[in-house]
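Read the structure below first, then the notes.
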Amino acid sequence: MSLKGFTKAVARLPQLVMSKSGYSQETVDPEYQDLEERFKLLDTSARKLSEDAKKFKDALSSMLSHQESFASTLLEVYSPISAYSPSTNADGQVISPRRSSTKQHAETPQMSFKAAQDFQSYAQSARQALLPDLETIERRLVAPTQDLVGMLDSVKRVMVKRSHKLLDYDRHREAVKKLKEKERTVSDEKALGKAEQSFDQATREYTHINNLLKQQLPLLLRLKAPFIDPCFQTLYWYQLKVHQILYQSFSQLLRQPAFDTTVSAAVGFESKVDAQSALLTDLTLLAKNRKPIISNNPLSPDYVPPTSTSDPTSSSSPTHQPPPSYTQPTSFQTLHTSQSPYPTNTTTTTDYPLPRSLPTQPAANCVTALYDYEAQAEGDLSFHRDDVIEVIERTADPNDWWTGRLNGKQGIFPGNYVA
Amino acid sequence: MSWKGFTKAVNRAATGVMQSIGTMEKTVDKDFDEEEKRFKTFEQKIEKLHRDAKGYLDSVRAMTVAQQRMAETVDHFYDEGGPLGYAGLQYKQAVEKLDEECRNELDTNCRVTVLEPLGKLIQAFPDFNEAIKKRQKKLLDYDQLLSKSRKLADKPSNDPQAYPQALAATNQAKEVYDSINNQLVAEIPKLIDLRVPYLDPSFEALVKSQLAFNEGAFHKLKDIERAFEKAGASNGGEGLDGQVEGVLQQMRELSICGSS
């Protein structure tokens with residue numbers, strides 16, 4: 001703020017406070033106030049319109065580009081997926097270099113592929129057709145509303161100026177009134193003369209700006225409808241065109257034999273959704289398709305308490321118990337030995353989780369060694385892989401030490417080294 | 001990470017370094033490499049598809065909301081009368097219905113028929129990536145044990161047990177690696193091959209819901225065309241060029257709108 005502006009603001013402050021607190025009278029012009037109300041309405045509307053027009057344009061253009069991009073990605077997905085980036089030859093035909101691989105991948109049905117191709121070309125041409133008009137929206141709707149907002153801003157500045165001038169007018173009027181009412185001394189007479197002069201000027205300035213606004217605001221407000229007319233029509237015709245083009249594209253697309261037009265989207269999908277999700281259940285790699293893994297940990301939700309009714313063929317579990325920490329961790333001992341990491345049986349009753357399937361279940365009190373084990377302390381039982389150990393004492397926890405006999409020797413050994 | 005996991009990781013890192021400088025042989029499975037690449041491409045494309053579908057839906061929603069708000073504003077502009085006031089009112093109603101339809105039908109349909117199935121497919125990817133990572137680790141284990149047992153074969157150690165043990169360990173590691181490798185080589189093509197049957201219903205539903213939405217929108221807008229024609233509005237938006245500019249110019253001529 002300039003020094004002049006600052007002194008003005010200071011000079012106006014007392015009057016502002018007094019008029020707000022009701023000590024001093026504020027000049028009210030009802031005609032102007034009505035205009036101001038209407039102007040404010042126009043101002044809010046114009047701002048909203050400008051903002052929404054921009055949003056509308058952006059949304060529309062992103063809709064068209066997403067649609068096109070979806071379509072072309074879909075076409076890519078429907079095309080054979082090769083490990084090598086496909087190269088395009090002069091005819092625009094995609095040729096994917098095939099390695100001398102003998103594997104055959106399922107071909108995309110011609111019908112579906114054609115539909116995807118058409119979808120892509122329609123989406124592309126719809127976007128091409130509508131893009132130039134998007135520019136029209138910008139030119140006839142977004143830009144003019146922004147212009148309008150800019151103009152309304154300068155009107156607002158004039159209105160602020162008017163309120164300042166009004167304050168000046170009131171201030172000088174009060175001053176003159178006060179001086180006139182009291183018994184005047186010589187210096188008061190001098191002050192009165194000066195005050196009357198200032199009052200004259202303030203009156204002139206205020207009347208000028210007030211009249212200007214009163215005269216021009218109605219003109220501006222009258223232009224409101226003529227302004228919106230072309231904007232509105234542009235919007236309407238453009239929207240009509242957008243939906244018309246998209247409607248035509250899609251109805252042409254739906255003539256494809258790949259689509260069953262007799263049922264609506266929701267109904268048609270309903271009948272296929274089960275088949276669709278069934279496709280995923282064939283993938284054995286998916287975690288949710290895996291059978292619950294029987295856990296040893298009583299805290300785990302999958303824990304199944306040991307039962308005596310063990311099925312000899314059902315005792316394969318992918319979770320190999322890690323060798324206890326007392327062994328030298330040679331990595332081969334940590335590896336899985338099961339043929340398939342994921343069991344195909346469904347029985348959930350098992351005696352103990354066994355790291356590998358066995359063709360036959362050994363006698364109840366005999367176990368087979370899965371790994372070599374060398375005695376590490378007095379009283380340990382050494383054995384080699386595939387040795388059959390007679391169990392003397394076993395606990396429910398295979399991580400525990402069990403007592404067994406082998407070749408006449410008795411000793412303890414880690415329960416998870418045997419099956 | 002547990003101590004065991006840590007030692008495993010260190011061992012594997014060492015193997016990886018030795019392989020990259022060429023002191024250790026590396027097992028290469030071309031079939032797997034090809035499938036892995038295909039899987040990566042496929043994963044990328046499906047994810048892009050999901051992003052685009054979501055982007056499309058979001059922008060349609062944004063569009064109908066914006067046009068509804070604009071219709072309200074346009075209506076305000078006509079509160080002091082205007083030849084197109086009636087058309088504005090009609091437009092507002094049409095656009096409101098359109099927004100409702102979009103929310104109730106297009107939105108729901110797209111979510112159920114396109115976004116959810118795509119999401120389910122995407123959910124499968126982490127499992128595959130996990131398996132690919134696991135395979136890589138098992139392969140490193142196997143390569144390491146293999147090179148160890150080969151060394152022992154070249155230079156038999158004093159311990160007569162050492163070589164058979166190493167051999168057994170190598171075979172075990174190979175078994176583990178083979179099982180996961182074979183599973184991946186079998187499963188990835190299965191996953192990729194199911195894409196068309198899997199996506200077809202969604203594709204069809206998407207096209208149909210888009211058609212239904214655009215058809216509805218077109219007819220709703222077409223129905224109020226008469227309101228514009230009655231008001232003498234130029235057909236098809238011809239001749240609108242310059243009109244706004246003219247009005248703006250008139251405004252600019254007012255001294256209160258001047259840039260003073």
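Worth pointing out:
- The set of residues from the range A:207-236 being more than 10 Å from every other protein chain (Cβ to nearest Cβ) and more than 47 Å from the chain's Cα centre (by Cα) comprises A:207, A:208, A:210, A:211, A:214.
- Residue check for residue A:145: modelled with pLDDT of 90 or more and in a helix (DSSP H, G or I): no
- Any chance residue B:223 is more than 18 Å from the chain's Cα centre (by Cα) and more than 7 Å from chain A (Cβ to nearest Cβ): yes
- Top-ranked residue in the range B:8-45 [being in contact (Cβ under 8 Å) with a residue 12 or more places away in the chain and not in a helix (DSSP H, G or I); ranked as farthest from residue B:147 (Cα to Cα)]: B:29
- Checked against (1) facing chain A (nearest Cβ under 9 Å); (2) out of contact with any Ser or Thr (no Cβ under 8 Å at 6 or more places or on another chain); (3) not polar (S, T, N, Q), residue B:111 meets all criteria but (1).
- Residue in the range B:157-175 that is open to solvent by less than 30 Å² (accessible area, probe 1.4 Å), among the polar types (S, T, N, Q) and assigned to a helix (DSSP H, G or I) present: yes
- Residue A:9 surrounded by fewer than 16 Cβ atoms within 10 Å (Cβ to Cβ) and either modelled with pLDDT under 85 or assigned to a helix (DSSP H, G or I) (or both): yes
- The single condition among (1) more than 7 Å from chain A (Cβ to nearest Cβ); (2) of a type in the set (A, V, I, L, M); (3) out of contact with any Gly (no Cβ under 9 Å at 6 or more places or on another chain) that residue B:63 does not meet is (1).
- Residue list for the range A:12-33, restricted to those being acidic (Asp, Glu) and open to solvent by less than 80 Å² (accessible area, probe 1.4 Å): A:29
- Residue that is least open to solvent (accessible area, probe 1.4 Å), among those in the range B:41-58 that are of a type in the set (Asp, Glu) and under 8 Å from the mean Cα position of the chain (by Cα): B:52
- Screening residue B:7 with (1) surrounded by fewer than 18 Cβ atoms within 10 Å (Cβ to Cβ); (2) more than 8 Å from every other protein chain (Cβ to nearest Cβ) gives one miss only, at (2).
- Beta carbons closer than 6 Å, at least 6 apart along the sequence or on distinct chains, pair a first residue in the range B:116-140 that is at negative phi and surrounded by 15 or more Cβ atoms within 10 Å (Cβ to Cβ) with a second that is modelled with pLDDT of 90 or more and among the charged types (D, E, K, R) for B:125/B:43.
- Filtering the range A:197-222 to residues that are charged (D, E, K, R), at pLDDT below 90 and either open to solvent by less than 90 Å² (accessible area, probe 1.4 Å) or not assigned by TED's automatic domain parsing to the domain that holds residue A:154 (or both) leaves only A:214.
- Within the range B:117-134, the set of residues being more than 30 Å from residue A:272 (Cβ to Cβ) and within 11 Å of chain A (Cβ to nearest Cβ) comprises B:132, B:134.
- Filter result for residue A:185 (polar (S, T, N, Q) and buried (at least 17 other Cβ atoms within 10 Å of the Cβ)): no
- From the options A:255, A:173, A:184, A:204, residue that is in a loop (DSSP other than H, G, I, E, B) and over 55 Å from the mean Cα position of the chain (by Cα): A:184
- Residue in the range A:287-295 that is open to solvent by less than 60 Å² (accessible area, probe 1.4 Å) and at pLDDT 55 or above present: yes
- Positions within the range B:239-253 being modelled with pLDDT under 80, over 16 Å from residue A:46 (Cα atoms) and within 7 Å of chain A (Cβ to nearest Cβ), in sequence order: B:240, B:243
- Close pairs from the range A:50-78: first closer than 29 Å to residue A:145 by Cβ, partner surrounded by fewer than 19 Cβ atoms within 10 Å (Cβ to Cβ) and among the small types (Gly, Ala, Ser), Cβ under 6 Å, at least 6 apart: A:59/B:62; A:66/B:55
- Matching residues in the range A:34-69 - criterion: being closer than 25 Å to residue A:157 by Cβ, of a type outside the set (D, E, K, R) and open to solvent by less than 30 Å² (accessible area, probe 1.4 Å): A:35, A:39, A:42, A:45, A:46, A:49, A:50, A:53
- Here the range B:66-80 is the region considered, the condition is being at the interface with chain A (Cβ under 7 Å from one of its Cβ atoms) and more than 15 Å from residue A:39 (Cα to Cα), and the residue that is most open to solvent (accessible area, probe 1.4 Å) is B:69.
The values are calculated or read from the model by the stated rules, or taken from the named source; none is laboratory data. Nothing here was measured: the structure is a model prediction, and the numbers come from that model. Note that we place each Cβ from the backbone using ideal geometry, even for glycine, and neighbour counts take in every protein chain shown. Heavy atoms of the whole protein, side chains included, go into the accessibility calculation; ligands, DNA and RNA do not. Shrake-Rupley method; radii C 1.70, N 1.55, O 1.52, S 1.80 Å.
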